[in-house]
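The values are calculated or read from the model by the stated rules, or taken from the named source; none is laboratory data. Just so you know, these numbers come straight off a predicted model, no measurement behind them. Every residue, glycine as well, gets a Cβ built from its backbone with ideal geometry; the counts of neighbours run over all protein chains shown. Protein only, heavy atoms only, side chains kept; ligands, DNA and RNA dropped before computing areas. Shrake-Rupley method; radii C 1.70, N 1.55, O 1.52, S 1.80 Å.
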Amino acid sequence: MKRLLYLLVCVLFLGSCSEYQKVLRGEDLAAKYKAAENLYKEGKYKKALKLFEQIVPQYRGKPQAERIMFYYADTYYQLEDYYLAGYQFERFAKSYPKSQKREEAYYKGAKSYYDLSPRYSLDQEDTDKALEKLQAYINAYPESENLKEANKLVAELRDKKERKAYEVAKQYHHRENYKVAISAFDNFLIDHPGSPYREKVLYYKLESEYLLAIGSYEVLVKERLETAQGYYNSYKKYYKTEGEYLEKAEELGEDIKTRLEQYK
């Protein structure tokens, strides 16, 4: 009985495969369209994609084109080919501005760029694109049911960019390239004023100037210590009684004060 059932399953499978191949290799456009749509709805995206690739050029300008183009873009999305999904969804949104599927296409296109965004240590070009696309979606659909998720994705991407900028500046500090580190920390504070990395940046900026001062030629030490004292005051302005680096900052502040008293 099991053997018979196995043979029956094989026959049905081979039959369905041969039918698919027949449609794929055939010239019947309507049959390809129907099979592609059925396969898409069944979640058989790889097979559906092969048929969509054949029929998309043939249906341009026809009433079915809008439906096919959305399925085509979403097939790439379901297959996690986010470069092509993003491109096709953008194309759909521009081609069919009055479509009921436009918002979904707009959002999935933006999410495609989000999914392409690499880890923070790599180049963030795709992260910039994702931020641009998601913010454009938020602006276009401020009442969307996707708004909460979209804002969450934007926050994740911004944190990734902030971490990248912070780690780059910190690397300059650890390599004892203090002038460049200070400049990078300054740029960070300008670009990311409300960042969760602000305390770290303020502390390492202070430490960079302090280490630059004590390692300088004597003629430059006093001026740089005074600059470091200003950075210490900036840190204390925001972290008077508590902070991850408060104890270290106060130790530097005391040493700076002691060193400057020698010049009085």
What about Asp159, is it within 25 Å of Asp74 (Cβ to Cβ), within 10 Å of the chain's Cα centre (by Cα) and in a helix (DSSP H, G or I)? no
So, first residue under 13 Å from Ser208 (Cβ atoms) and small (Gly, Ala, Ser) in the range 179-197, second residue open to solvent by 50 Å² or more (accessible area, probe 1.4 Å) and not in a helix (DSSP H, G or I), Cβ within less than 9 Å, six or more apart or across chains; the pairs are Ala181/Arg175
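Please pick out the residue among Leu24, Leu49, Leu39 that is aliphatic (A, V, I, L, M), surrounded by fewer than 19 Cβ atoms within 10 Å (Cβ to Cβ) and in a helix (DSSP H, G or I).
None of the other options fit; the residue is Leu24.
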Only one of Gln229, Gln171, Gln135 is among the polar types (S, T, N, Q), free of Cβ contacts under 8 Å to residues at least 24 places away in the same chain and either under 30 Å from Gly86 (Cβ atoms) or in contact with a helix residue (DSSP H, G or I) (Cβ under 7 Å, 6 or more places away or on another chain) (or both). Can you tell me which? Gln135
Scan the range 80-92 and give yes if some residue there is under 20 Å from the mean Cα position of the chain (by Cα), at pLDDT 95 or above, of a type outside the set (Phe, Trp, Tyr) and assigned to a loop (DSSP other than H, G, I, E, B), otherwise no. yes
So is Asp115 over 30 Å from Gln229 (Cβ atoms), open to solvent by 40 Å² or more (accessible area, probe 1.4 Å), touching a Phe, Trp or Tyr at 6+ places or on another chain (Cβ under 7 Å) and not in a loop (DSSP other than H, G, I, E, B) or not? yes
Inspect the range 94-103 for any residue being crowded, with 16+ Cβ neighbours inside 10 Å, among the aromatic types (Phe, Trp, Tyr) and under 20 Å from Asp28 (Cα atoms) and give the result as yes or no. no
May I ask you to list pairs of residues, at least six apart or on different chains, whose Cβ atoms are under 8 Å apart, with the first in the range 234-251 being assigned to a helix (DSSP H, G or I) and the second being of a type in the set (Asp, Glu) and surrounded by 14 or more Cβ atoms within 10 Å (Cβ to Cβ)? Tyr235/Glu199; Tyr238/Glu199; Lys248/Glu207
From the list Tyr172, Tyr231, Tyr210, pick out the single residue that is at pLDDT 95 or above, within 36 Å of the chain's Cα centre (by Cα), within 29 Å of Thr127 (Cβ to Cβ) and surrounded by 14 or more Cβ atoms within 10 Å (Cβ to Cβ). Tyr172
Those residues of the range 138-155 that are assigned to a helix (DSSP H, G or I) and free of Cβ contacts under 8 Å to residues at least 40 places away in the same chain come to a total of 10
Just one of Arg3, Arg67, Arg60 is modelled with pLDDT under 85 and not acidic (Asp, Glu); which is it? Arg3
